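A.B. asks: Okay, here's the structure, questions in a sec.
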Amino acid sequence: MTLDKLTMAQALNQALRDAMTEDSSVLVFGEDVGPLGGVFRITDGLTAEFGTDRCFDTPLAESGIVGMAVGLAMNGMRPVVEMQFDAFAYPAFEQIVSHVAKYRNRTRGRVSLPLVIRVPYAGGIGGVEHHCDSSESYYAHTPGLHVLAPATVADAYGLLREAIASPDPVVFLEPKKLYWTKEEVDLAERVPGIGSAAVVREGTDATLVAYGPAVPPALEAAEIAATEGRSLQVVDVRSIVPFDDTTVCAAVRSTGRAVVVAEAAGFASVSSEIAARVSERCFHDLAAPVRRVTGFDIPYPPPKLEHFHLPSADRILDAVDDLQWGLS
């Protein structure tokens with residue numbers, strides 16, 4: 001076993017490099033992803049290694065970027081496009097929901113669209129409006145799309161490789177604030193694929209269900225709880241669509257209590273769906289109603305206020321207290 005100490009950004013870069021090396025149909029393009037290497041340097045060095053035919057810059061036109069990816073995927077290529085920032089993807093939304101998500105169904109399965117839309121997303125970097133947003137619910141609500149959100153370096157590499165290999169379109173959400181986290185990973189070891197959640201910390205008193213940038217504060221809350229004599233289990237959803245009901249519900253049944261943690265606003269959200277699925281499937285095993293800790297139902301706040309908006313270990317532990325002692 002060979003372990004490499006990589007940041008999440010480096011792991012994503014390596015995933016792109018390995019996929020491009022193994023399959024000449026894999027193309028990478030978007031705004032500033034060529035010689036610059038992208039705003040977050042995820043595509044650093046790819047143009048130099050593979051040439052401008054394989055990794056290239058596009059005009060600042062997200063709808064055109066995704067539209068071109070649709071045409072390339074229809075004709076046998078595997079495009080991987082970058083939206084640069086989460087809210088920059090909205091001009092391409094019509095392409096994504098009307099064409100990317102529906103083309104396999106529209107052609108009755110005759111034409112698939114093996115493309116990946118990489119979206120640096122969520123907050124925690126002191127960014128301003130349009131540069132920090134949690135847009136997962138828009139994509140998760142659209143049948144025909146896979147939606148992935150890694151929280152670890154290993155998952156960033158492994159899930160991106162799975163996404164590129166998938167015959168179906170994938171929206172790949174990369175938590176910006178985790179780009180610089182560093183871990184030792186074995187790149188040769190395959191992580192569980194699309195549609196698989198993972199129990200990342202065992203516990204007996206309550207289950208915290210989180211994904212993407214919400215996983216670290218959930219783990220921090222579990223660490224703090226342990227010093228207070230409480231045992232919290234943490235589940236990393238990893239794959240928002242398709243969703244792993246089996247793993248999540250088994251974890252909740254084992255503790256009888258659940259808190260769903262997510263950065264996005266709570267109303268009509270992925271956290272709402274997870275809470276509903278857990279409530280429906282685990283009703284007779286629950287000792288308390290499912291609680292949620294989310295961002296507030298507001299436009300993304302200015303940098304000086306974002307730490308109030310994002311879920312924290314303290315807010316998560318308050319929800320756990322509510323589960324155990326019925327506080328409100």
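The values are calculated or read from the model by the stated rules, or taken from the named source; none is laboratory data. Every value quoted in this text rests on a predicted model; they were computed, and no experiment measured them. Every residue, glycine among them, receives a Cβ derived from its backbone with ideal geometry; neighbour counts consider all protein chains shown.
A.B. asks: Taking the residues in the range 147-163 that are touching a helix residue (DSSP H, G or I) at 6+ places or on another chain (Cβ under 7 Å), closer than 24 Å to A251 by Cβ and of a type outside the set (G, A, S) as candidates, determine which candidate is surrounded by the fewest Cβ atoms within 10 Å (Cβ to Cβ).
C.D. replies: Step by step, filter the range 147-163, then rank; the result is V153.
A.B. asks: Looking only at the range 104-119, decide whether some residue is at pLDDT 95 or above, under 18 Å from the mean Cα position of the chain (by Cα) and on the phi > 0 side of the Ramachandran plot.
C.D. replies: Checked against the condition, which is being at pLDDT 95 or above, under 18 Å from the mean Cα position of the chain (by Cα) and on the phi > 0 side of the Ramachandran plot, the range 104-119 yields no hits at all.
A.B. asks: Among the residues of the range 212-228, are any touching a Phe, Trp or Tyr at 6+ places or on another chain (Cβ under 9 Å), farther than 22 Å from D318 by Cβ and outside any strand (DSSP E or B)?
C.D. replies: No, that holds for no residue.
A.B. asks: List pairs: first residue in the range 228-239 and on the phi < 0 side of the Ramachandran plot and assigned by TED's automatic domain parsing to the domain that holds R277, second residue assigned to a loop (DSSP other than H, G, I, E, B) and surrounded by 24 or more Cβ atoms within 10 Å (Cβ to Cβ) anywhere in the structure, Cβ distance under 6 angstrom, at least six positions apart or on different chains.
C.D. replies: Correct list of pairs: D236/A151; V237/Y211.
A.B. asks: Can you tell me which of V260, V235 is assigned to a strand (DSSP E or B), of a type outside the set (D, E, K, R) and within 27 Å of R161 (Cβ to Cβ)?
C.D. replies: So the residue among V260, V235 that is assigned to a strand (DSSP E or B), of a type outside the set (D, E, K, R) and within 27 Å of R161 (Cβ to Cβ) is V235.
A.B. asks: Here's another thing I want to ask about it. Among S166, S231, which is over 21 Å from V153 (Cβ atoms), of a type in the set (S, T, Y) and either in contact with a strand residue (DSSP E or B) (Cβ under 9 Å, 6 or more places away or on another chain) or surrounded by fewer than 23 Cβ atoms within 10 Å (Cβ to Cβ) (or both)?
C.D. replies: After applying the criteria, what remains is S231.
A.B. asks: I would also like to ask the following. Sort out which residues of the range 178-192 are of a type outside the set (A, V, I, L, M, F, W, C) and touching a strand residue (DSSP E or B) at 6+ places or on another chain (Cβ under 8 Å), and write them in order of number.
C.D. replies: Passing the criteria: Y179, T181, K182, E183, E184, D186, P192.
A.B. asks: I've got another one for you. When the range 152-204 is examined, which residues are found to be charged (D, E, K, R) and touching a residue at least 40 places away in the same chain (Cβ under 8 Å)?
C.D. replies: Answer for the range 152-204, where residues must be charged (D, E, K, R) and touching a residue at least 40 places away in the same chain (Cβ under 8 Å): D155, R161, D168, E174, K176, K177, K182, E183, E184, D186, E189.
A.B. asks: Filter the range 286-302 down to residues that are surrounded by 15 or more Cβ atoms within 10 Å (Cβ to Cβ) and not aliphatic (A, V, I, L, M) and give me whichever is farthest from S269 (Cα to Cα).
C.D. replies: Of everything passing the filter in the range 286-302, P301 is farthest from S269 (Cα to Cα).
A.B. asks: Based on this model, can you work out whether N75 counts as free of Cβ contacts under 8 Å to residues at least 40 places away in the same chain and more than 23 Å from the chain's Cα centre (by Cα)?
C.D. replies: The answer is yes for N75.
A.B. asks: While we're on this one: Among the residues of the range 269-292, are any under 17 Å from L323 (Cβ atoms), out of contact with any Leu (no Cβ under 8 Å at 6 or more places or on another chain), assigned to a strand (DSSP E or B) and among the charged types (D, E, K, R)?
C.D. replies: Yes, that holds for at least one residue.
This table checks each residue for (1) in contact with a helix residue (DSSP H, G or I) (Cβ under 9 Å, 6 or more places away or on another chain); (2) surrounded by 23 or more Cβ atoms within 10 Å (Cβ to Cβ).
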site: V66; (1), (2): yes, yes
site: N75; (1), (2): no, no
site: V80; (1), (2): yes, yes
site: Q84; (1), (2): yes, no
site: F88; (1), (2): yes, no
site: A92; (1), (2): yes, no
site: G109; (1), (2): no, no
site: G127; (1), (2): yes, no
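A.B. asks: For the range 24-40, indicate whether the set of residues that are over 21 Å from H130 (Cα atoms) and in contact with a Pro (Cβ under 6 Å, 6 or more places away or on another chain) is non-empty.
C.D. replies: Within the range 24-40, one or more residues are over 21 Å from H130 (Cα atoms) and in contact with a Pro (Cβ under 6 Å, 6 or more places away or on another chain).
A.B. asks: Considering only the range 282-328, state which residues are small (G, A, S) and closer than 21 Å to T247 by Cα.
C.D. replies: A287, A288
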